[in-house]
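Encoded as structure tokens, the structure appears first; notes follow it.
The values are calculated or read from the model by the stated rules, or taken from the named source; none is laboratory data. Remember, it's a predicted structure, so these values are computed and weren't measured experimentally. Cβ coordinates were reconstructed from backbone atoms using ideal geometry, including for glycine residues, and neighbour counts include every protein chain displayed. Each accessible area value is taken on the protein alone, full model and side chains, heavy atoms only, with ligands, DNA and RNA left out. Shrake-Rupley method; radii C 1.70, N 1.55, O 1.52, S 1.80 Å.
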Amino acid sequence: MKKFWILLLPLTLLFACSGDKGLEAIREGASAQVAIERLRKESPPSWAVIQAEYEKTLPMVLAADQKWGTNYEKEIPLALALCQEGTDVEVNQQVLAKGLQHAAVLGIRDNLAMVREDKHAAARATAYFEGIRPTFVRRDKDYFAPDKPLEQTADRALTALAEDGEGIGTWTAARELLDVMDRTYALCVLYELQSVEKLRDDDRAECAVKMKEAEVFWRIIAPRVKKTSSKAYETIAAMLGADYGAVDAKAAKEALSQGLSGIQLL
């Protein structure tokens, strides 16, 4: 954890005092995030190389922990250490991959909240988005191919943010981006639970991976679901905390749709 003293700077200094400087750090982190997705799928993965890429994402991780009370500064290094030891590698690497996505989403949310006051906020949100774009591509392919409503909606919102600046359309574009992110990550939770339902009689090891993915994806949308519907929240939370046999993809779909009131899931 050497040379991380800069991460202790206040978030306003880290990301807001200099738009260009903050933007470059976010772009570097997003690029590293995409690289990690590729590197972790190599056979075998080079965890030393992945560790080096992870360090480029640390400003984003620390920002999320400080602002939102997440614990990825500790969770991710522990998961990486377990991967390096060869302990439950397929499961533990999901904490790294999906935890970084959670941190990126929180970074986007933070910047969307200040697009009217900070002229650099839209550019920073766009830079963060590049780190999670592959997930939008995958969920479009899984549920909507050949159409790409998730990625296209996100791009439309980001373009509107860049063009409108501080105009009257800014909040509409920000809301559209927030909604499509929540829709995408709700589909991520659903996808993993559907996979568990299919695999639980034949491949419990893979089910462990899928449940870990669903668990971390769930963190991204859980606050909205809980605020909208405590029943929907409890339904999904109970599934994630139970044995694979308790997973009910149909009930999960209904709960996620209820929890994202106003957003069409599928």
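What nm distance separates the two modelled labels at THR228 and GLU90, each placed 7 Å from Cα along Cα→Cβ?
3.2
Using a Gaussian network model on the chain with a 10 Å cutoff between Cα atoms, which of PHE217, PHE136, PHE144 fluctuates the most?
PHE144
Please give the contour-minus-distance gain from ARG156 to GLU24: 0.36 nm per residue of separation, less the Cα-Cα distance, rounded to one decimal in nm. Intermediate results must be reported in sequence, preceding the final value.
Details: separation 132, 0.36 × 132 = 47.52 nm, distance 2.26 nm.
Once the chain is fully extended between ARG156 and GLU24, it gains 45.3 nm.
Would you work out the relative contact order for the chain, in percent, from Cα pairs under 8 angstrom that are 6 or more residues apart? The partial results should precede the final answer.
Values: 327 pairs, mean separation 39.6, N = 266.
About 15 percent, as a whole number.
Please give the per residue accessible area of the chain, computed with a probe of 1.4 Å over protein heavy atoms only, in Å². Could the numbers behind the result be given before it?
Details: 12730 Å² over 266 residues.
Per-residue value: 48 Å².
Only Cα pairs within less than 10 Å get springs; with that Gaussian network setup on the chain, which residue of ALA232, ALA52, ALA186 has the largest fluctuation?
The residue that fluctuates most here is ALA52.
How high is the FRET efficiency between MET114 and GLN258 when r is their beta carbon distance and R₀ equals 45 Å, given to the nearest 0.05? Don't skip to the end; give the middle numbers.
Details: r = 30 Å, r/R0 = 0.68.
Working from the Cβ atoms, E equals 0.90.
Exceeding 19 Å between C-alpha atoms, which entries from my cross-link table qualify? They are LYS41/LYS98; LYS41/LYS210; LYS98/LYS250. Can you show the working numbers first?
Values: LYS41/LYS98 14 Å; LYS41/LYS210 15 Å; LYS98/LYS250 24 Å.
The pairs that break the limit, which is 19 Å between Cα atoms, are LYS98/LYS250.
In Å, the Kirkwood hydrodynamic radius of region 53-191 over pairs of distinct alpha carbons? Mind dumping the intermediate values first?
Working: mean 1/r = 0.0629 Å⁻¹.
For region 53-191, inverting the mean 1/r across all distinct Cα pairs yields 15.9 Å.
Of ASP179, ASP142, ASP110, which is the most mobile in a GNM of the chain whose springs link Cα atoms less than 10 angstrom apart?
Among ASP179, ASP142, ASP110, the largest mean-square fluctuation in the Gaussian network model of the chain belongs to ASP142.
Which value in nm describes the separation of the simple spin-label points at ALA238 and LEU199, placed 7 Å from the Cα toward the beta carbon?
In this crude label model, ALA238 to LEU199 measures out at 2.5 nm.
Gain in length, LEU265 to GLU206, computed as 0.36 nm per residue apart minus the alpha-carbon separation, to one decimal in nm? Provide the component values of the computation, followed by the final result.
On the way: separation 59, 0.36 × 59 = 21.24 nm, distance 2.54 nm.
Taking LEU265 through GLU206 to full extension adds about 18.7 nm, to one decimal.
Roughly speaking, to the nearest percent, how much of the chain's 1.4 Å accessible area is carbon and sulfur?
Details: 6670 of 12730 Å².
Carbon-and-sulfur percentage of accessible area, whole number: 52.
Okay, helix-only estimate at 222 nm for the chain: each DSSP H run of n ≥ 4 adds -39500 (n - 2.57), divide by all residues, round to 500 deg cm²/dmol; what do you get? It would help to have the intermediate numbers written out before the result.
Details: 11 runs with 195 residues, N = 266.
That calculation yields -25000 deg cm²/dmol at 222 nm.
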